[in-house]
1. Between residue 319 and residue 372, what is the FRET efficiency for a Förster distance of 60 Å, r being their Cβ-Cβ separation, to the nearest 0.05?
2. On a straight-distance basis, which aspartates and glutamates could pair with residue 152 in a cross-link, Cα separation under 12 angstrom, same-chain partners fewer than 8 positions away excluded?
3. Calculated from DSSP H runs of 4 or more alone, at -39500 (n - 2.57) each and per residue, what is the 222 nm mean residue ellipticity of the chain, nearest 500?
4. Can you give the angle from 0 to 90° between the axis of helix 2-33 and the longest principal axis of the chain, with both taken from C-alpha atoms, to the nearest 10?
5. In Å, what Rg and Dmax follow from the Cα atoms of region 264-345?
6. Grab the beta carbon distance between residue 328 and residue 247, set R0 = 35 Å, and tell me the FRET efficiency rounded to 0.05.
7. Take every Cα pair under 8 Å in region 358-402 that's 6+ residues apart, average their separations, divide by the length, and report that relative contact order as a whole percent.
8. Please report, to one decimal in angstroms, the Kirkwood hydrodynamic radius of region 245-382 built from all distinct Cα-Cα pairs.
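Where a number appears in this text, it was derived from the coordinates with a stated rule and is not lab data. Just so you know, these numbers come straight off a predicted model, no measurement behind them. A quick note on method: Cβ atoms are made from the backbone with ideal geometry, for glycine too, and the neighbour counts reach across all protein chains shown.
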Amino acid sequence: MMRLLKVFFWIVGGLVVLALIAGGAMALIGPRLGGGMPMTTSVWVETVKTGGMIETVSAPGVVDPLTKVEISARVSARIMQLPYKEGDAVVADGPDGASLLVALDDSDIQAQLESAQKRRDGLVASVAVEEQRIAASEASLAGTLTVLNDAKRELDRQQALHATGDVSEKVVEQAQRSADELQSRYDAEQASLEAARLGLEVSRFNIEAAEADIRQIGELLNYTTIRSPIDGVVTRLNVDVGEIAITGTMNNPGTVLIEVADLSRMLVVARIDEANIRDVEPGQHVNVRLMAYPGRVFTGCVQSVALSVASEPGAQYFETKVLLDETEELLRSGLSADVEVEVREHEGVVLVPSQAVVSRPIDDLPAEIRKDNPLIDPTRANTIVVFRIEDGKAVATPVRIGASDSLNTIILDGLDADTQIVTGPYAVLEGLQHGQQVEVGRLDGEDVEPEPVSEETVETPSTE
């Protein structure tokens, strides 16, 4: 029991000693924190300057050839030959003609062509027979007409004799019957001849239709050999020998067999956000960075801007094509890219590092700054400020900002050139308050490793 009491008194005594030590420490540092004065904070300081800035619009994109052809089959057949593989060069007009890309099995189409040709030949032969038959019918009709004319003259003669009483009525009737029979035969032969002529015309139309079928099947036969329409490189090969090439339908585009592209001129197909598209126009200079070439900047110009919006889940954009300047590097199709379109150039403007532009609650600013300040919107919760250095203190200065790039922001109003402002470190700027004591830890121009600028510091601070 006595041992437990001793342990208890030792613990209580230790706590008292610690309390006395802590109280003494507070007594020592209390003067530095008393009177509402914060501890001095080391900051980076720069002098505001005027200069020029190129306003840019950034967007992601994908490298794509300027000229690219996706080749599909026009007929459904088995693939017999694929002479080229991915990466091989092909031509549209070489010593032996265009490069053969695909050869399909043409045996079925050859059989259809032979059948159509035989059908055409049979129709030609039948037309020849019909022409001979018509010629014979025309000759027979001419003979019948001669006999008919003789019978009509004989009828006239007998009727004249009957009128003078030289022949009987019976003779006249026989002559009339003979003339009528010949007339009927002549009419029948003439009708038969007209029908034969119409039949001959139909046969000739059938020959023309057969010729059209032959031409159509011949075109299908030509489709069994696919040659390169452009000079370029095989960039994609989707099939193998022995597979069946499927033709497209209304709802099915069909099999893309081969893709051929001219890699000498490349595009970047960029997706410009609808909020920035109004500033993008054809002909503007563009800087392009590719993930595959770190540290390298490619150049180009805007070739075209889509007139209609495209969309994907959560975003709407306008497809913008950027034609890259010629380069020694072989750029591959499908590379990821980031583009910066130079949409506007500013000269003689007040510039500050984008990191120095921050947002602060309006209620945290002193009344003398808030009162009748045209740069503060009282309907908003926050306002945009830059911290000036004045008498060793950070002074929150409301400003109106303009365009920004990846490093600087234009100050339209509220800040003059040759003013010293706080530019960092960013961790200090996040919590820096109006009136806080500061000391210069780094002046502009000093050779100090720059602090990485986060995306948050580049963007325009919200004033909501």
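1. 0.80
2. 180, 181
3. The helix contribution divided over the chain gives -12000 deg cm²/dmol.
4. 80 degrees
5. Using the Cα atoms of region 264-345, the pair Rg, Dmax is 12.8, 38 Å.
6. 0.30
7. Taking the mean separation of contacting Cα pairs over the length of region 358-402, I get 37 percent.
8. Averaging 1/r across every pair of different Cα atoms and inverting gives 19.7 Å.
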